[in-house]
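Undergrad: After the structure tokens below, expect a handful of questions from me.
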Amino acid sequence: MEVVRKISNETLMLIVLCLTAFFVNNSALPTDVTEAKTIVTARSIVENGKWMSPTMNGQPRFDKPPLAAWVSAAIESARPGNISAQRSAAAVMATLWAFFFFGVARYMERRRGFAELATVVFLTCYNVIYFGRMVSRDIYGYAFMMGAIYFLLRMMFDERYYAHPHKWRWALLGGVMLGLSYLGNGTMPFYAMLLPFLLVLLALKRPRTSGKWLPLIFMLVVAMLTTGWWLVYLCREHPDAIPEVWSSELSAWAGGHVRPWYYYWRFFSEMGVWGIFTLAALAVPYWYRKVSTKRPYLIAIAWIASAIVLLSIRPQKNMTDLVTLTPPCALAVACLLYHFVEKRAKDKWAKGLFMFNGYLMALIVFLLPVFIYFRMANWSLLDFGTTVFINVLLFAIAIYLGVSTMRREVRGVVSGIVLLFVIIECFMLGAIGGLFENRHQRSIALLRDDDYLGKMALYHSKDEDVRIETVYEAGCDILPLDLTDSVAVKKALPCVVLTHQALAGDMPESIIGQVDTLHLGVFDNNRLSRHIKHYTPELVYHATLLR
């Protein structure tokens, strides 16, 4: 009973939110390419037992930090082929990220309710929910980096609030978090999260460094020890992999998805239901005069601005990088919401913003049942009873949001949005996943389930790259084979060969005449529907048995 009393109602609410946001129905959404890469690497570790020398489809995998693959391999050893178990690890990391963010928010503004409000905004951003439900390296890097930021704050500012600050303790924990962040996702969290935060910290918070240089140096040493051993191991045991690591790191910054500098102009839209508030928060001259939480508001805006600038000058850009902006955006939105709670939006502009957003959300929720009927129930993704149950709840939430908006009850609007997300996560994720699912999928995994064909080695033409999603579906490595080399072909027999066209288009007739061939069919390994832009013909293969 004593333990229960120590857990506040706010903490219990955040735990419940994390459970529904990241754990409930976590196998509902289709796997993506990032998950395929991580899990394929994990399977190779389990199969060959080489934890220090991971491979992906037979090729060394030293260009990426190994932490995510190790965790995935440990889960694969215990629960083979269980995507829900794999995603539970990402859910744990997302929960850790949320609670570290809660600590940072509470440290920036110690008024009761502010940190809880900011964390609720954070947990109702679809980017955060998505990353918390996918097996990827990113979630490890971002979660641990948020921990490093939290412990850095404790180390630098605890003396302002506590008689006995534990600088060395926080330095140790912060160093470990920095090292684990690198092992999780390389340098990206340092560039997109830590560097913007440090710039803002030096400009606005102006920490006192007297007596803290040794703990800071200690933090850096711990970070280097936590991650440096891996680089030392590569230099000693796999020196040929170092150029590949550097090449991969450089290409991640300068090559690949090169976009114009203004590519992130619509960053606020990535905040989902909080997009309008995020955009409105950029009116700094207005809000700085109005909000009582001036310090966290300025820090949040400066953090957003510095991160956007740093991300924009980087040649390679992906919209997924904007998840690093979610913490400062959540802080900025929380400052506005906290202002509404305190002032009840007495000024006209703030009142108009609150009323517009509240009524818009109520209208969207009110119209959701129409979408559910035509796109889910009508497609047999939801049964009649579940559809009625969900629609009744949605109508109730729409009314609740409308009434709360009319009464200018901020907590009511926030609670309504939270309830909306809980309903979606608990009852609708499977149907949402079905909307994007390829109904014509014929996975290569069908070969593995066959008693005879499942024992065959899989090959692809060496002149064509094999997509890692196909390797994931196959459940085994798919190695390259020179189909124009009769010696290599005969040595591989019996086997199954995957080609993008009929085998006759890749193998000379002289070699085809020397082997027995049987066309097994066309396999479409796209998990996403053909009307989705990410559908790719490169995942469609002809499978041919060679004997």
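Undergrad: Might you report the magnitude of the Cβ-based charge dipole of segment 19-154 about its Cα centre, with Lys and Arg at +1 and Asp and Glu at -1, to the nearest 20 debye?
TA: 300
Undergrad: Also: Please tell me the relative contact order of the chain in percent, rounded to the nearest whole number, where contacts are Cα pairs under 8 Å and at least six residues apart.
TA: In percent, rounded to a whole number, it is 14.
Undergrad: Got a sec to turn the phi values of segment 110-123 into Karplus ³J(HN,Hα) couplings, 6.51 cos²θ - 1.76 cosθ + 1.60 with θ = phi - 60°, whole Hz, x for Gly and Pro?
TA: 8, 5, 4, x, 5, 4, 5, 5, 4, 6, 5, 4, 4, 7
Undergrad: Please sort 450-460, 66-76, 233-243 by packing, taking for each peptide the average over its residues of neighbouring beta carbons within 10 angstrom, highest first.
TA: 66-76, 450-460, 233-243
Undergrad: Next up: What full-extension length gain, to one decimal in nm, is calculated for ARG112 and SER415 as 0.36 nm per residue of separation minus the Cα-Cα distance?
TA: 107.4 nm
Undergrad: So, one more: Which residue, VAL515, SER443, VAL466, has the largest displacement toward the positive end of the dipole of segment 411-547 when charges sit on each Cβ (Lys, Arg +1; Asp, Glu -1)?
TA: SER443
Undergrad: Shifting gears a bit: Using a cut-off of 13 Å between beta-carbons, work out the net charge of the residues near PHE102 (Lys and Arg +1, Asp and Glu -1, PHE102 not included).
TA: Net charge around PHE102: -1.
Undergrad: Want the number for VAL221 to VAL16: 0.36 nm per residue separation, take away the alpha-carbon distance, what's left?
TA: Contour length minus Cα-Cα distance gives 70.1 nm.
Undergrad: Oh, and also: Would you kindly derive the ³J(HN,Hα) couplings of segment 34-40 from the backbone phi angles with the Karplus curve 6.51 cos²θ - 1.76 cosθ + 1.60 (θ = phi - 60°), listing them in order in whole Hz, with x for Gly and Pro?
TA: Coupling constants for segment 34-40: 5, 4, 4, 4, 5, 6, 4 Hz.
Undergrad: Rounded to the nearest 0.05, what FRET efficiency do VAL392 and VAL24 have when you use their Cβ-Cβ distance and R0 = 25 Å?
TA: Using R0 = 25 Å, I get an efficiency of 0.80.
Undergrad: Shifting gears a bit: Any idea what angle helix 167-185 forms with the longest principal axis of the chain, computed on alpha-carbon atoms, 0 to 90 degrees, nearest 10?
TA: Taking Cα atoms only, the helix is inclined about 40 degrees.
Undergrad: How much net charge surrounds THR536 when only the other residues with a Cβ under 14 Å from the Cβ of THR536 are counted, with Lys and Arg +1 and Asp and Glu -1?
TA: That works out to -3.
Undergrad: Next question, about the same structure. How far is the Cα center of segment 303-327 from the Cα center of segment 66-134, in Å?
TA: 20
Undergrad: Set the bar at 26 Å for Cα to Cα. Now go through LYS205/LYS290; LYS294/LYS348; LYS205/LYS317; LYS290/LYS317; LYS64/LYS462 and name every pair that lies beyond it.
TA: LYS205/LYS317; LYS290/LYS317
Undergrad: Determine, for each peptide in 389-398, 325-334, the mean count of other beta carbons within 10 angstrom over its residues, then list the peptides with the highest first.
TA: Peptide ranking by packing, descending: 325-334, 389-398.
Undergrad: Report the paramagnetic label zone for ILE83: residues of segment 184-201 whose backbone N is under 13 Å from a point 7 Å from Cα along the Cα-to-Cβ axis.
TA: Hits in segment 184-201 for ILE83 at 13 Å: none.
Undergrad: Any chance you could run the full-extension gain for LEU435 through MET355? It's 0.36 nm times the residue separation minus the Cα-Cα distance, nm to one decimal.
TA: That pair, LEU435 and MET355, stretches by 25.6 nm at full extension.
Undergrad: How high is the relative contact order of segment 176-312, in percent, with contacts defined as C-alpha pairs under 8 Å that are six or more residues apart?
TA: Normalised by residue count, the contact order of segment 176-312 is 37 percent.
Undergrad: Quote the Stokes-Einstein diffusion coefficient, in whole µm² s⁻¹, for segment 102-173, based on the Kirkwood radius over alpha carbon pairs, a temperature of 25 °C and a viscosity of 0.890 mPa s.
TA: Estimated via Stokes-Einstein, D reaches 179 µm²/s.
Undergrad: Between beta-carbons, use under 10 Å as the cut-off and find the net charge around VAL515, counting Lys and Arg +1, Asp and Glu -1. Write out the running numbers ahead of the final one.
TA: Numbers: positive: LYS490, ARG547; negative: ASP516.
Net of charged neighbours comes to +1.
Undergrad: Taking the 0 to 90 degree range and rounding to the nearest ten, how far is the long axis of helix 9-18 tilted relative to the main principal axis of the chain, both from C-alpha atoms?
TA: Helix 9-18 and the main axis of the chain meet at about 20 degrees.
Undergrad: Right, something else. Take the Cα coordinates of the chain, assign each an equal point scatterer, and use the Debye formula without solvent to give log10 I(q)/I(0) at q = 0.06, 0.09, 0.13 Å⁻¹.
TA: Normalising to I(0) and taking log10 leaves -0.35, -0.77, -1.40.
Undergrad: Report the Rg/Rh value for segment 435-547, based on alpha-carbon coordinates and the Kirkwood definition of Rh.
TA: That ratio equals 0.98.
Undergrad: For segment 39-191, build the charge dipole from Cβ charges (+1 Lys, Arg; -1 Asp, Glu) around the Cα centre, then report which of HIS166, VAL128, THR187 sits farthest towards its positive end.
TA: Checking the options against the dipole of segment 39-191, the answer is HIS166.
Undergrad: If packing is taken as the mean number of other Cβ atoms within 10 Å per residue, what is the order of 197-209, 399-411, highest first?
TA: 399-411, 197-209
Undergrad: Taking the Cα-to-Cβ direction at TRP229 and at LEU493 and moving 7 Å from each Cα, how far apart do the two end points lie in nm?
TA: It is 5.1 nm.
Undergrad: Which of the lysines could a cross-linker bridge to LYS212, judged by Cα under 17 Å and excluding same-chain residues fewer than eight apart?
TA: LYS167
Undergrad: If you don't mind, there's one more thing I want to ask. Roughly how far apart, in whole Å, are the Cα centres of segment 453-500 and segment 197-232?
TA: Cα centres, segment 453-500 to segment 197-232: 49 Å.
Undergrad: In debye, nearest 20, what is the charge dipole magnitude of the chain about its Cα centre with +1 on Lys and Arg Cβ and -1 on Asp and Glu Cβ, if you could check?
TA: Approximately 3200 debye in magnitude.
Undergrad: Suppose R0 equals 45 Å. What FRET efficiency, 1/(1 + (r/R0)^6) with r the Cβ-Cβ distance, do ASP485 and ASP32 give to the nearest 0.05? It would help to have the intermediate numbers written out before the result.
TA: Numbers: r = 35 Å, r/R0 = 0.78.
The formula returns an efficiency of 0.80 here.
Undergrad: Helix 213-237: angle to the longest alpha-carbon principal axis of the chain, degrees 0 to 90, nearest 10?
TA: Helix 213-237 and the main axis of the chain meet at about 0 degrees.
Undergrad: Hey, another quick one. How high is the relative contact order of segment 485-547? Use alpha-carbon pairs under 8 Å, at least six apart in sequence, and give a whole percent.
TA: The normalised contact order for segment 485-547 reaches 49 percent.
Undergrad: Between ALA445 and GLN514, what is the FRET efficiency for a Förster distance of 45 Å, r being their Cβ-Cβ separation, to the nearest 0.05?
TA: On the way: r = 30 Å, r/R0 = 0.67.
FRET efficiency, ALA445 to GLN514: 0.90.
Each value in this text was obtained by applying a stated rule to the coordinates, not by laboratory testing. The structure presented is a predicted model; accordingly, all values stated were derived computationally and were not measured. Note that each Cβ is placed from the backbone with ideal geometry, even for glycine, and that neighbours are counted across all protein chains shown.
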